[in-house]
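Asks: A single structure is presented below for examination.
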Amino acid sequence: MARLSQLLHTPREPAHPRPAATVLLLRDAPGGFEVLMTRRSATARFVPGAYVFPGGAIDAADAQAHTLSTRRPGQSDLALTQAVAALRESFEEVGILVAHHADGRPVSATDVAALDRQAPFNEQIARHGLTLAGADVYVLAHWVTDRDLPRRFDVPFLVARVPEGQVPEADNTEQFEPVWVRPAHALAEHAAGRFFMIFPTIRTLEQLQHHASVQALLDACAVSEDPLFSSCPRAGLLGGKEARYMEHEPPFGELELVCPDGQLLHPLDWNSQRPVSLLKNVQRLTAPNPGVMTGPGTNSYLVGDPATGHIAIDPGPDDPEHIERLWRAAGGRIAAIVCTHSHPDHSPGARRLQALCASSAAAGEVPPPILGLASGPTSRRDSQFTPDRNLQNNELLTLTQQAQTAENTQKISATHTLKVIHTPGHASNHLCLVLLEDGLLFSGDHILNGSTTVIDPPDGNMHDYLQSLDTLAAACTEHGITHILPAHGYALGQARQAIEQLRQHRLKREAKVLSAMQTLPEGSLQDWVKLAYQDVPERLWPVAERSLLAHVQRIRTLGLT
């Protein structure tokens with residue numbers, strides 16, 4: 001992980017989350033199902049005015065009510081306590097009680113009316129001979145409130161079917177206006193500004209849309225005692241406003257890197273006018289070349305600081321304004337220029353950057369060398385590249401700051417070391433770089449955020465690509481790599497997991513390619529792409545054909561067909 005000395009923002013301890021429980025009460029409706037929601041008081045301390053599901057903090061008495069509830073095999077003590085808390089909250093807030101009599105009869109509206117919502121819950125349940133239906137309450141999701149908020153909760157989102165005949169009635173103290181609503185309708189009303197909801201509620205409703213009925217949702221949740229999904233979101237600034245993201249969404253890893261303790265400070269807007277600091281010793285400047293293949297543009301990186309000088313990674317296309325901005329971001333102090341590979345959106349700017357450094361160098365200073373791997377004989381005409389020196393696999397590129405001690409001796413007070421790893425596959429001369437002291441992987445085009453890189457034969461090779469993924473996975477273990485900085489897109493977190501997911505994605509795609517080849521043994525690439533890339537927009541099929549060809553070549557080399 002990144003050194004504390006390189007973090008941009010002062011470390012802090014986020015507020016400790018309090019245990020709570022929330023329940024989604026569900027009922028079937030024509031064409032689907034509905035969920036019960038209420039509007040919180042405008043004076044509530046937490047999310048005032050928002051539409052929410054019933055729920056609240058877990059009380060000590062909830063853990064003492066296990067004997068008053070049913071329990072399914074495998075349901076843990078904690079899960080049962082959470083279920084009891086959720087059922088209590090639904091009774092107190094909206095007058096819905098998911099319970100039954102000793103003879104198995106569900107609690108009716110008349111039974112609920114005989115209870116006092118202000119009196120101790122457990123005592124009433126016991127006195128009336130009722131049994132809570134804890135066994136019928138399932139875990140849908142697990143949310144932990146964002147790290148940037150002063151009040152945080154650790155909350156399972158539970159689901160249960162509402163007993164027939166019971167009608168919700170808000171307590172009109174904390175909760176108002178109970179409403180049965182379809183998930184899609186609630187989301188549409190929120191988008192129109194008429195139904196205010198907070199992030200976890202929105203994302204949970206989005207997940208509910210994937211289920212056709214109450215029973216379908218309950219069946220999905222009953223498969224395991226684990227939640228269908230879990231999240232502790234992170235927030236950044238987009239267009240100057242708060243924007244929150246779950247773990248699987250592209251900005252999450254970058255927010256984790258830059259603001260590990262949840263500081264709401266990092267801008268996520270893509271721009272090519274100014275560099276974005278990711279750490280004190282890492283800057284990113286995105287070239288003004290957005291497109292289908294480049295996403296928001298090519299990321300050029302500067303590693304180092306004013307005292308040590310910088311190494312520029314992937315100066316990008318030969319764009320004079322971009323190159324000057326990169327040079328200025330480094331304060332003119334560039335010790336080396338490294339190109340991860342020779343493609344035209346990565347390497348052409350290297351000579352211009354070198355020349356700019358040379359023109360401003362003091363007498364006797366040597367301009368920074370251009371480092372990388374020379375393009376191979378299979379590279380395309382627009383991808384010709386010859387560095388000043390070829391980098392060796394596992395070579396170390398080191399920046400150091402020399403400080404004078406009181407004893408008048410030289411002492412190294414800062415070091416930034418990049419380790420070179422050859423990773424052919426996307427291109428025959430592709431390499432990645434590991435910033436050893438901070439556990440960062442500069443992945444070039446080998447690993448992207450939000451898309452998969454194209455493997456374009458003959459210079460691209462799918463077998464080499466997959467082997468290079470294995471090499472990078474091993475490097476993650478060896479060097480404690482936590483984050484990946486790609487040439488296109490935001491930084492990714494959970495580096496080892498991200499690489500494994502990418503590897504599995506490629507193998508699943510290869511299985512589809514193999515199936516297409518077996519279905520149409522005399523087919524063409526155009527025939528096979530329709531079957532193997534059905535989930536990809538048709539406008540991208542011509543590009544997908546290049547990676548499909550790489551899969552075909554690997555399949556035939558391995559003798560799979």
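The values are calculated or read from the model by the stated rules, or taken from the named source; none is laboratory data. Bear in mind that the values here come from a model prediction, so they are computed numbers and not experimental data. Neighbour counts are summed over all protein chains in view; Cβ atoms, including those assigned to glycine, are modelled from backbone coordinates with ideal geometry. Areas reflect the complete protein model, heavy atoms only, side chains present, ligands, DNA and RNA absent. Shrake-Rupley method; radii C 1.70, N 1.55, O 1.52, S 1.80 Å.
Asks: Which percent of the accessible heavy-atom area of region 420-561 goes to carbon and sulfur, probe 1.4 angstrom?
Replies: 51 percent
Asks: For Leu502, Leu531, what's the largest-to-smallest order of accessible area, 1.4 Å probe?
Replies: Leu531, Leu502
Asks: Looking at region 303-371, which GluC sites (Glu not before Pro) are DSSP coil and have at most 16 other C-beta atoms within 10 Å of their C-beta?
Replies: Glu365
Asks: Alpha carbon centre of region 514-561 versus region 129-152: separation in Å?
Replies: Taking the Cα centre of region 129-152 as reference, the centre of region 514-561 is 45 Å away.
Asks: Using a 1.4 angstrom probe on heavy atoms only, work out the carbon and sulfur share of the accessible area of region 32-162 in %.
Replies: 54 percent
Asks: Here is a further query. For Kirkwood radius over Cα pairs in Å, the listed values are (1) 27.8; (2) 27.0; (3) 24.8; which was obtained by calculation from the structure presented?
Replies: The value matching this structure is (2).
Asks: Which peptide among 55-64, 18-27 comes first, and what is the full order, when sorted by highest mean count of other Cβ atoms within 10 Å?
Replies: 18-27, 55-64
Asks: Using DSSP H assignments, which helices in the chain have an axial alpha-carbon span of 18 Å or above and a mean Kyte-Doolittle hydropathy of -1.0 or higher?
Replies: 77-94, 462-479, 495-519, 541-557
Asks: Using per-residue counts of other Cβ atoms within 10 Å, averaged over each peptide, order 39-47, 74-82 from highest down.
Replies: My ranking of the peptides, most packed first, is 74-82, 39-47.
Asks: Here's something else I'd like to know. Just the projected area, averaged over all directions, of the convex hull on the alpha carbon atoms of region 474-540: how many nm²?
Replies: 6.0 nm²
Asks: To the nearest Å, what is the center-to-center distance of region 429-445 and region 33-63, using C-alpha atoms only?
Replies: 46 Å
Asks: Ignoring ligands, DNA and RNA, please state the percent of accessible area on region 300-397 from carbon and sulfur, probe 1.4 Å.
Replies: Reported share for carbon and sulfur atoms: 52 percent.
Asks: Show me 104-110, 228-234, 155-161 ranked by packing, highest mean number of other Cβ atoms within 10 Å first.
Replies: 155-161, 228-234, 104-110
Asks: Which residues in region 225-258 have a backbone N closer than 20 Å to a point placed 7 Å from the Cα of Arg3 along the Cα-to-Cβ line?
Replies: So the set is 257-258.
Asks: Still on this structure: Hey, got a sec? Which GluC sites (Glu not before Pro) in region 221-313 land in a DSSP loop and have at most 14 other Cβ atoms within 10 Å?
Replies: When the GluC sites (Glu not before Pro) of region 221-313 are filtered for loop state and at most 14 Cβ neighbours within 10 Å, Glu225 remain.
Asks: Gln401 to Arg351: FRET efficiency via 1/(1 + (r/R0)^6), r the Cβ-Cβ distance, R0 30 Å, to the nearest 0.05?
Replies: Efficiency, from the Cβ-Cβ distance: 0.60.
Asks: Sticking with this structure for a sec: Excluding residues fewer than 8 places away in the same chain, name every one of the lysines whose C-alpha is closer than 21 Å to that of Lys419.
Replies: Lys280
Asks: Then there's this: Given the rule -39500 (n - 2.57) for each run of at least 4 DSSP H residues, summed and divided by the residues of the chain, what is its mean residue ellipticity at 222 nm, to the nearest 500 deg cm²/dmol?
Replies: Mean residue ellipticity, 222 nm, calculated: -8500 deg cm²/dmol.
Asks: In Å², what does the accessible area per residue of region 117-243 work out to with a 1.4 Å probe?
Replies: Result: 47 Å² of accessible area for each residue.
Asks: On a 1.4 Å probe surface of the protein chains, which of Met293, Met246 comes out largest in accessible area, and what is the full order?
Replies: Ranked from most to least accessible, the order is Met293, Met246.
Asks: Rounded to the nearest whole Å², what accessible area per residue is found for region 302-359 with the 1.4 Å probe?
Replies: Ligands and nucleic acids excluded, the figure is 32 Å² per residue.
Asks: Related question: What GluC sites (Glu not before Pro) in region 489-561 are in a loop by DSSP, with at most 15 other Cβ atoms within 10 Å of the Cβ?
Replies: Answer by residue number: Glu522.
Asks: Could you check the spin-label model distance between Arg556 and Gln467? Points 7 Å from the Cα along Cα→Cβ, value in nm.
Replies: Result: 1.9 nm between the two label points.
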